[in-house]
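Here is the structure we will look at.
Derivation of every value follows stated rules applied to the coordinates shown; laboratory data play no part. What you see is a predicted model; the values in this text were computed from it and never measured. When we count neighbours, we look across all protein chains shown, and the Cβ atoms used for this are built from the backbone with ideal geometry, even at glycine.
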Amino acid sequence: MVEQDKQFLETVVKQIVGNPNDVVVDRTIDERGVLLTLKINPADMGYVIGRKGQTAQAIRTLLKIVGAKNNSRVNLKIYDPEGGNRRHSEHRDEREDIDTSAIDDLKI
């Protein structure tokens with residue numbers, strides 16, 4: 001009964017990802033409440049985060065409900081070994097490839 005939040009997170013995430021055997025949840029308790037650290041296969045990061053973070057936010061909302069039911073505060077940390085650099089580096093590359101020659105000579 002104590003680790004319902006951990007079991008809930010594992011169950012939900014394993015249904016979302018392509019590599020369910022790589023899902024690991026670490027549960028720690030401190031003065032701020034319960035911290036669940038989710039470790040997944042890097043290839044599944046997009047599935048868990050979702051478009052504009054919507055899936056991750058939905059999972060966090062559900063965990064808060066599970067925590068409230070058990071009188072605890074539950075927070076989720078998604079472990080990213082690359083530190084989130086993938087998206088930013090890809091985004092920079094896209095901006096560098098944009099052709100601005102059509103507006104370079106504008107006199108405003």
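Taken over the range 35-67, the criterion of being assigned to a strand (DSSP E or B) and of a type in the set (S, T, N, Q) is satisfied by Thr37 alone.
None of Val25, Val34, Val13 is within 17 Å of Pro81 (Cα to Cα) and among the hydrophobic types (A, V, I, L, M, F, W, C) except Val25.
The residue that is surrounded by the fewest Cβ atoms within 10 Å (Cβ to Cβ), counting only those in the range 28-44 that are without any contact (Cβ under 8 Å) to a residue 40 or more places away in the chain and under 20 Å from Gln57 (Cβ atoms), is Asp44. Whenever a residue of the range 6-27 is in contact (Cβ under 8 Å) with a residue 60 or more places away in the chain, its partners that are of a type outside the set (Asp, Glu), lying with C-beta atoms within less than 6 angstrom and at least six residues away or across chains, give the pairs Leu9/Val25; Leu9/Leu36.
Number of residues in the range 55-70 that are over 9 Å from the mean Cα position of the chain (by Cα), polar (S, T, N, Q) and more than 13 Å from Lys6 (Cβ to Cβ): the value is 1.
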